[in-house]
Amino acid sequence: MAYIELNEVTYTYPLMKEPALQNISCSLELGKFYGVIGENAGGKTTFCNLLRGLIPHFYNGKLLGDMTINGEDIRKIDVDILSTKMGYIFQNPFTQISGVRKTVFEEIALGLENLGVPKAQMIEKVIEVAKLLKIEELLLNDPNRLSGGQRQRVAFASIIAMDSDIFVIDEPTSQLDPEGTERIFEIIHMLKEQGKTIILVEHKVDLIAEYADEVLVFQKGRLLKKGDARTVLSDLELLEHGTMLPQAVILERELRLNGIVLPKVPVTTEECIDLLRKGDVGYESN
Amino acid sequence: MDYDFTKQYMNPKRTGNVIRDLNPMSKVNLMLVLGLSPFIVQNYYYGFGMVILFVLFSAAAGCFRSFFSLYWKVLLLFGVFLFVVKAAFAPGEHVLFRLWGICVSTESIQSGLNIVSLVLAFSGAFILFVKTTPMDEFTYALEKKGVSHMVSFVILSSFQTITDLKQNAQVIMESQKARGIETEGNLLKRAKAYIPVMGPLVLNAISSTEEKSIAMDARAFSAPVAHTFLSELPEVSIGEKAVVILFDLAFVGLVTGRIVLWLI
Amino acid sequence: MNQIELRNASFQYPNGFLANDDLNLIVKRGERVAIVGQNGAGKTTAVKMMNGLHKPCKGDVLVEGRNTKDYTTAQIARQVGYVFQNPDDQIFNQTVYAEIAYMPKYYKMAEKEVDKRVKEVAELLEIETYLKMNPFEIPYVTRKFVTIAAILATKPQYIILDEPTAGQDLTGIKVLTRVLEELEKIEIGVVTITHDMEFAANNFERVVAMANKKIIKDGNVRDIFSDDDILRQSKIKRPGIGQIADSIGLGKDILNAREFVKRYKEVTAP
């Protein structure tokens with residue numbers, strides 16, 4: 001069952017001539033992991049803003065077409081209620097910390113205070129999430145003195161504590177180092193295990209390849225492709241549209257061009273190693 | 001990990017210090033009454049008495065150091081300056097000495113002391129309030145009085161913004177130096193660096209405000225339910241209420257007295 | 001003396017935190033060096049010493065033979081340009097053109113020369129079409145290219161890039177690759193901090209690995225990525241294809257798909 005549905009949606013930001021999104025039609029289901037990729041300024045963040053109801057409720061501009069979330073028209077939806085259902089995490093680790101709480105513990109509790117959660121339950125929840133995300137050692141720290149990677153984990157904790165079912169996550173690791181990135185991906189992996197619906201914008205396609213059920217590719221404001229992760233990510237055509245493909249796919253192409261054929265196109269590093277180890281490799285002379 | 005620290009949230013916040021534990025609203029009330037009373041009394045002995053009282057209060061509240069480290073600057077900067085100006089230029093009959101248009105008289109000295117005592121008394125009350133009241137406790141009290149959640153967030157985050165701006169200014173300064181813009185040296189050179197530093201600072205502040213409001217929206221800031229509080233303050237005790245009312249009555253008395261005197 | 005030299009250079013922040021401990025490093029004009037390592041390893045502090053933003057508390061930093069202690073950062077910046085990670089900390093002009101022209105004008109160059117330089121660097125970074133636009137109308141990652149162009153327009157002898165690939169798509173990375181090649185041709189030294197190991201492997205022969213305030217290895221990119229111990233200490237991973245090669249026993253020194261195929265053929269050849 002489609003939960004979010006877009007039909008011919010076109011959106012133009014205020015003061016802009018060109019639309020940021022053009023004729024987008026697609027539907028998203030609950031419980032799936034959607035990877036969103038594509039060239040820069042292709043419309044990925046605008047798509048997130050739309051899902052979160054920030055368009056049209058926070059950004060004005062011109063919105064054409066129809067969009068519904070759980071059957072409700074996006075234009076009429078109560079964003080205050082929507083914000084309690086849909087968790088949102090984005091790039092900048094610095095602007096996501098409220099800056100008004102003295103400890104990480106209190107920072108994570110902030111969203112729960114806003115939701116009116118009783119105190120005992122609130123404390124329990126914060127501890128639970130801190131354990132889950134392995135940030136217990138940060139709980140008594142000043143949120144304003146954390147590193148970017150630590151802040152991003154606190155941002156995740158703060159949103160996860162609010163028990164949303166849907167997570168819209170926009171390039172959460174673009175400002176982090178490899179270790180910080182890995183820890184964020186562990187968290188995202190955990191959300192997937194819990195059966196949450198995830199919409200993740202990410203340049204690191206290898207990570208998308210590992211987790212996503214479906215992939216959406218945006219280019220110049222249009223939805224270039226949408227389909228199951230394997231099909232989309234092994235589509236070499238994407239390279240011509242400024243979109244990187246997983247390393248395994250790049251390797252498979254190079255092998256094939258040299259007459260070495262794998263039984264199928266691997267999209268993750270693991271899968272590629274597996275195929276090569278099994279030695280199930282064909283040769284073509286060319 | 002030991003979660004004992006979470007027990008503190010189950011009880012209202014108390015420090016054990018009588019002055020600190022006053023409700024922020026009581027503190028505001030007392031600050032206004034005590035800080036403004038010298039304006040009514042109009043006697044610099046009283047004003048300076050208040051100044052001493054505030055210093056004593058700060059010591060009793062255990063924040064003498066942080067209080068005085070700020071207060072002495074006000075004392076020196078405004079106090080001395082105002083006194084000198086008043087003493088030198090205010091008119092008076094009992095001239096003590098004259099020098100190039102400066103005329104110091106008993107009256108001008110008195111008027112200098114008067115104004116200084118007023119300014120110091122009020123700023124003392126204000127600084128004492130700030131130093132004994134954590135901002136989040138103040139906004140908590142405001143919210144309990146029915147002020148909107150948004151307002152209290154704006155108050156709190158504007159304090160944070162000042163720190164953020166400072167840090168960002170530092171980075172921008174480095175960034176502009178690194179491209180070759182001179183920020184050290186004479187006034188002219190520094191003036192030239194003004195726009196390259198202020199430009200990005202203002203633009204960043206605007207864009208981060210936008211991002212912040214989106215981030216806070218994601219934390220259900222405007223969720224249509226009654227909020228709960230992780231840290232709470234104790235209910236105001238009857239004794240505390242009585243003390244505040246007593247001070248308020250005394251203040252009303254002073255004002256009435258002043259008006260009566262003025263009418264006669 | 002056509003080089004930047006860190007000579008036993010250490011740096012301590014005013015709060016007492018030691019961020020760099022006894023670094024020795026020489027970067028010559030026309031050379032490309034990638035600095036890799038975990039956050040907090042001291043990479044940014046090290047490059048800030050190279051252009052005088054930080055002056056060493058012990059040891060010396062010499063830029064073309066001149067000690068950075070004797071000059072202001074702005075003076076050194078004419079030789080060593082530094083592009084910060086966040087373009088928004090740098091951009092303040094109304095148009096992309098004015099932003100790039102700002103420093104050449106600041107140095108009082110003739111109008112014609114300024115115009116020539118702006119067009120040159122804009123072409124190099126493929127931002128010619130944006131010249132008349134307000135920098136804030138163009139995407140964030142493109143603004144990064146504007147700041148690189150603004151530094152290159154001053155014709156420095158060296159340029160420092162802090163995470164140039166962060167957030168870039170394939171097209172952006174291709175532009176950066178070409179920029180690096182062009183800079184090598186005109187003998188400009190490049191020092192890049194990067195977390196992107198594919199980018200480092202494909203574009204840099206020399207890699208400096210840092211961990212815990214020190215340089216733990218300075219050498220050929222292949223030597224660094226084939227040294228498990230160095231990778232562990234600096235908490236970096238070899239490029240994805242290198243990981244695949246290592247896992248199936250093709251060796252630890254593979255950097256890209258082409259090398260992989262070559263080795264694979266050698267190993268499996270009948």
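Taking chain C as a Gaussian network of alpha-carbon nodes connected by springs under 10 Å, the highest mean-square fluctuation of the residues C:D88, C:D115, C:D169 belongs to C:D169.
Taken residue by residue and averaged, Cβ atoms of other chains lying within 10 Å of the Cβ of C:137-148 number 2.
Compute the relative contact order of chain C as a whole-number percentage, counting only Cα pairs closer than 8 Å that sit 6 or more residues apart in sequence. For chain C, the relative contact order is 22 percent.
Structural descriptor for chain B: relative contact order 27 percent, calculated from alpha carbon pairs under 8 angstrom and at least 6 residues apart.
Relative to the dominant Cα principal axis of chain A, helix A:119-132 is inclined by about 20°. Computed from label points 7 Å out along Cα-Cβ, the spacing between C:Q94 and B:K73 is 3.8 nm. Once the Cα atoms are used to define both axes, helix A:247-257 deviates from the longest principal axis of chain A by about 10 degrees. Of the listed pairs B:K192/C:K69; A:K44/C:K108; C:K69/C:K119, which have alpha-carbon separations greater than 32 Å here? Pairs exceeding the cut-off: A:K44/C:K108; C:K69/C:K119. Computed on chain A, with alpha-carbon pairs under 8 angstrom and 6+ residues apart, the relative contact order is 22 percent. Annotation for region B:121-160: trypsin sites (Lys or Arg not before Pro) lying in DSSP loop with at most 13 further Cβ atoms inside 10 Å of their Cβ are B:K145. Residue by residue along B:198-207, Cβ atoms of other protein chains within 10 Å of the local Cβ number 3 on average. Geometric descriptor of region C:1-125, per residue, is 142 Å³ (volume of the convex hull of the Cα atoms). Using bins of 10 Å that start at zero, the share of Cα-Cα pairs per bin across region C:92-155 amounts to 26, 60, 14, 0, in whole %.
Pop the C-beta distance of C:E184 and C:K116 into the FRET formula with R0 = 25 Å and round what comes out to the nearest 0.05. Here the calculated transfer efficiency is 0.70.
Peptides C:179-189, B:6-16 ranked from most to least packed, by the mean per-residue count of other Cβ atoms within 10 Å: C:179-189, B:6-16. Between C:F17 and A:D163, the FRET efficiency from the beta-carbon distance, with R0 = 45 Å, is close to 0.70. Remark: mean inter-chain Cβ contacts per residue of C:192-204 equal 1, using a 10 Å Cβ-Cβ cutoff to other protein chain atoms. Give me the angle, in degrees from 0 to 90, between the Cα long axis of helix C:257-268 and the longest principal axis of the Cα atoms of chain C, rounded to the nearest 10. Once rounded, one gets 10 degrees. Membrane-span-like helices in chain B, defined purely by DSSP H runs whose alpha carbon atoms cover 27 Å or more axially and whose average Kyte-Doolittle hydropathy reaches -0.5, are B:106-132, B:149-178, B:194-218, B:238-263.
Please identify, among C:K28, C:K217, C:K116, the residue showing maximal mean-square fluctuation in a Gaussian network model of chain C using a 10 angstrom Cα cutoff. Result: C:K116 has the largest fluctuation of those listed.
Could you pull out which residues in region C:162-191 have an amide N less than 19 Å from a spot 7 Å beyond the Cα of A:R253, following the Cα-Cβ vector? Under 19 Å, as judged by backbone N against the label point of A:R253, lie C:168-178 of region C:162-191. Taking packing as the residue-averaged number of other Cβ atoms within 10 angstrom, the listed peptides B:87-97, B:38-48, A:264-274 run from highest to lowest as A:264-274, B:38-48, B:87-97. Per residue, the convex hull around the alpha carbon atoms of the protein assembly as shown comes to 222 Å³. A straight chain from B:S158 to B:L263 at 0.36 nm per residue would run longer than the Cα-Cα distance by 33.3 nm.
Only the coordinates and a few stated rules stand behind these numbers; no lab work does. Not measured: the values here are computed from a predicted model. Cβ: placed from backbone, ideal geometry, glycine included. Neighbour counts: every protein chain shown.
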